[in-house]
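Have a look at the structure below, then the notes.
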Amino acid sequence: MQGEVTELQVHFWLVLVMFALAAQAFILLLLVNAPYGRFTRAGWGPTLSTRSAWIIFESPAVVVFAAIYFSGDYAWERVPLILFGIWQFHYILRTIIFPFRIRETGKRIPMVMVVVAILFNVLNAYLNARWISHLGDYPDTWLMPAPFIAGASISVVGWLINQHADRVLFNLRKPGETHYVIPQGGMYRQVSCPNYFGEILEWTGWAIMTWSLAGLAFAVLTLANLLPRALATHKWYRAKFPDYPESRRAVIPYVV
Ligand code: NDP
């Protein structure tokens, strides 16, 4: 019917909302450090343990994503299934394995952050899952052309960097310890936050391999979220450790 709003239009507007949120988040996070980890501070209302918070706020990226994905008309086709597998591989590890690798130090995450992260994950799950299994077009030939191969390669490299960087951090403390140490080795030779660099690469790769606005919006939001955090972390390291390596950048090797 003429004048009827289609789901494709709604999806497009929500992608624009995501870009707007990324711009807002970027400015806000340059002004205020998200209050968790080394920037934990009081005054943000009720809190949850770090481990429970991660499990709760990342769950929609697995569960809501899967529910929306399997409601799509093309959910059982080859390329959408491969993209689904790539997404779920990352988020199942992040939701179920990663929280148990965190060494609990008694730090907590404000509920308000948990709620914001849940809302973001639900929106992001809808945008990406609906696109790959219903609104987008991914014929079998999608697997060969340059965008898929280049994007998948960037994503895999990003994942490896992220995993290695997180492992280095988790091994810096013995059980019961809460202090901070200068991380060394791997990409820590170049940047203070290779875990964030890897994460940014992963979702940039996703945007390229899906060649979608939904994927691009997620990659931009990841950058908007992690770049300010990396700059703040880098500044924090320099202030805390007088012998902090001079040549190390914040997050993108040789750039920033
Ligand atoms: P951090 O680097 O802040 O911390 C990770 C863990 O390592 C924490 O347990 C932290 O302890 C510990 N740690 C960090 N630095 C040191 C140090 N110098 N010495 C000893 N221990 C240290 O990472 P985040 O918690 O921000 O992120 C964790 C993962 O989640 C990363 O892989 C990141 O890429 C991903 N992430 C993804 C986002 C996205 O937008 N897609 C958003 C945020 C995170 P403590 O808590 O005491 O500081």
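The values are calculated or read from the model by the stated rules, or taken from the named source; none is laboratory data. The shown structure was predicted, so the numbers you read here are calculated from the model rather than taken from an experiment. Cβ placement follows ideal geometry from the backbone for every residue including glycine, while neighbour counts extend to all protein chains displayed.
Each residue in the range 209-242 was checked for being among the β-branched types (V, I, T) and out of contact with any Gly (no Cβ under 9 Å at 6 or more places or on another chain), and 2 pass.
Just one residue in the set L221, L172 is surrounded by 14 or more Cβ atoms within 10 Å (Cβ to Cβ), closer than 30 Å to L135 by Cα and in contact with a Phe, Trp or Tyr (Cβ under 9 Å, 6 or more places away or on another chain); that residue is L221. Between R130, R173, R101, the distinction of being among the charged types (D, E, K, R), in contact (Cβ under 8 Å) with a residue 12 or more places away in the chain and closer than 22 Å to L201 by Cβ belongs to R101 only.
Scanning the range 150-177 for residues that are assigned to a helix (DSSP H, G or I) and aliphatic (A, V, I, L, M) yields A150, A152, I154, V156, V157, L160, I161, A165, V168, L169.
Return the only residue of I118, I109 being surrounded by fewer than 19 Cβ atoms within 10 Å (Cβ to Cβ) and touching a helix residue (DSSP H, G or I) at 6+ places or on another chain (Cβ under 6 Å). After ruling out the rest, the residue left standing is I118.
Restricted to the range 36-108, the set of helices (runs of 4 or more DSSP H) holding at least 3 residues that are touching a strand residue (DSSP E or B) at 6+ places or on another chain (Cβ under 9 Å) and of a type outside the set (A, V, I, L, M) comprises 50-70. Looking only at the range 184-241, residues that are of a type in the set (D, E, K, R) and near the ligand (Cβ under 10 Å from one of its atoms) come to 4 in all. So in the range 234-256, with the set limited to residues that are surrounded by 13 or more Cβ atoms within 10 Å (Cβ to Cβ) and touching a residue at least 60 places away in the same chain (Cβ under 8 Å), which one is farthest from V191 (Cα to Cα)? Ranking the qualifying residues of the range 234-256, first place goes to W236. Looking across the range 3-20, not a single residue is within 15 Å of the ligand (Cβ to nearest atom) and either hydroxyl-bearing (S, T, Y) or under 25 Å from R108 (Cα atoms) (or both). Among the residues of the range 47-81, those that are buried (at least 20 other Cβ atoms within 10 Å of the Cβ) and aromatic (F, W, Y) comprise W54, F57, F65, Y69. Count of the range 144-166 residues, restricted to those that are within 16 Å of the ligand (Cβ to nearest atom), in contact (Cβ under 8 Å) with a residue 40 or more places away in the chain and not acidic (D, E), is 8. Scanning the range 80-100 for residues that are of a type in the set (F, W, Y), out of contact with any Asp or Glu (no Cβ under 7 Å at 6 or more places or on another chain) and more than 9 Å from the ligand (Cβ to nearest atom) returns F84, W87, F89, F100. Taken over the range 101-138, residues that are over 18 Å from V220 (Cα atoms) and away from the ligand (no atom under 16 Å from the Cβ) amount to 9.
The condition of being more than 13 Å from the ligand (Cβ to nearest atom), surrounded by fewer than 17 Cβ atoms within 10 Å (Cβ to Cβ) and either more than 20 Å from the chain's Cα centre (by Cα) or at pLDDT below 95 (or both) holds for only one of T178, T141, that being T141.
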